[in-house]
Every structure is written in structure tokens, then in C-alpha cells.
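Colleague: I am attaching a structure below and will ask some questions about it afterwards.
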Amino acid sequence: MSLRVLLVDDGTADRLAVSRALARDPDMQWEVSQVSSAEEALAYLSTHTPDAMLLDYHLPGMNGVDMLQQ
């Protein structure tokens with residue numbers, strides 16, 4: 001089974017850590033798409049529908065809650 005996840009985080013190290021952790025999951029295959037801003041996430045979501053989203057609260061320009069409201 002495979003799950004599509006959108007990872008939204010402006011920290012490169014954080015995105016890498018989460019991606020590595022998901023890759024080690026023996027029971028699930030994770031298809032991770034990564035963006036570094038709320039604006040990029042909104043553009044991605046306009047054409048894609050992930051199964052889940054991992055969203056950082058502290059993003060440049062717009063916080064995670066504001067992004068969800070949009």
C-alpha cells in the first residue's frame with residue numbers, strides 16, 4: 001500500500017529527517033512531495049490531492065493555520 005504525503009516545511013534538515021523516517025517504515029510505502037512555503041503548498045494542492053499533509057506552523061510569509069484556512 002502507498003500513501004501520498006505533502007511535506008510543507010521551510011527547513012531543509014527537517015524535511016530530510018521526516019522523509020528519512022517515513023522511508024524506514026516497513027509497513028507502508030510513502031510517496032513524499034516536498035515544498036518549502038505555504039505559497040508552494042497552495043499551488044501544489046491546486047493540482048494534486050495528497051492523502052495527508054505534514055505542515056510546519058512557522059513558515060515564511062504565512063503560518064500553517066493561515067494556509068489551512070485558505
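The values are calculated or read from the model by the stated rules, or taken from the named source; none is laboratory data. Owing to the predicted nature of the structure, the values given are computational and were not obtained by experimental measurement. In this analysis, Cβ positions are derived from the backbone assuming ideal geometry, glycine residues included, and neighbour counts consider all displayed protein chains. Side chains included, ligands, DNA and RNA excluded: accessible areas come from the protein's heavy atoms. Shrake-Rupley method; radii C 1.70, N 1.55, O 1.52, S 1.80 Å.
Colleague: Restricting to DSSP loop positions (anything but H, G, I, E, B) with no more than 15 other Cβ atoms inside 10 Å of their own Cβ, which trypsin sites (Lys or Arg not before Pro) remain in the chain?
Modeller: Arg24
Colleague: I want the local charge near Leu3. Using Cβ-Cβ distances under 13 Å, sum +1 for each Lys or Arg and -1 for each Asp or Glu among the other residues.
Modeller: Net local charge, Leu3 excluded: -3.
Colleague: Let me check I've understood the local charge: for Val32, count other residues with C-beta under 13 angstrom from its C-beta, Lys and Arg +1, Asp and Glu -1. What total comes out?
Modeller: Residues near Val32 contribute -1 overall.
Colleague: For Asp14 and Ser46, what is the calculated FRET efficiency with R₀ set at 35 Å and r taken between the beta-carbons, to the nearest 0.05?
Modeller: The pair Asp14/Ser46 has a calculated efficiency of 0.90.
Colleague: Further question on the same structure: What are the chymotrypsin sites (Phe, Trp or Tyr not before Pro) within the chain that DSSP puts in a loop, where the Cβ has at most 16 other Cβ atoms within 10 Å?
Modeller: Hits after loop and neighbour filter: Tyr57.
Colleague: A further question on this structure: How large is the accessible surface per residue of region 2-69, computed with a 1.4 Å probe and reported in Å² as a whole number?
Modeller: Working: 4230 Å² over 68 residues.
Computed with neighbouring chains in place, this is 62 Å² per residue.
Colleague: In whole Å, what is the distance between the alpha-carbon centres of region 44-64 and region 8-24?
Modeller: For region 44-64 versus region 8-24, the Cα centre distance is 14 Å.
Colleague: Over the chain, what is the relative contact order in percent, taking alpha-carbon pairs closer than 8 angstrom and at least six residues apart? Please list the in-between numbers first.
Modeller: Numbers: 96 pairs, mean separation 29.5, N = 70.
The normalised contact order for the chain reaches 42 percent.
Colleague: Here's something else I'd like to know. For Cα extents along the principal axes in Å, pick the label among (i) 54, 26, 17; (ii) 36, 26, 15; (iii) 69, 31, 18 that corresponds to the value derived from the coordinates.
Modeller: So the structure-derived entry is (ii).
Colleague: Contour minus end-to-end for Met28 and Asp66, with contour as 0.36 nm per residue of separation and end-to-end as the Cα-Cα distance?
Modeller: Stretched out fully, the Met28 to Asp66 stretch lengthens by 10.6 nm.
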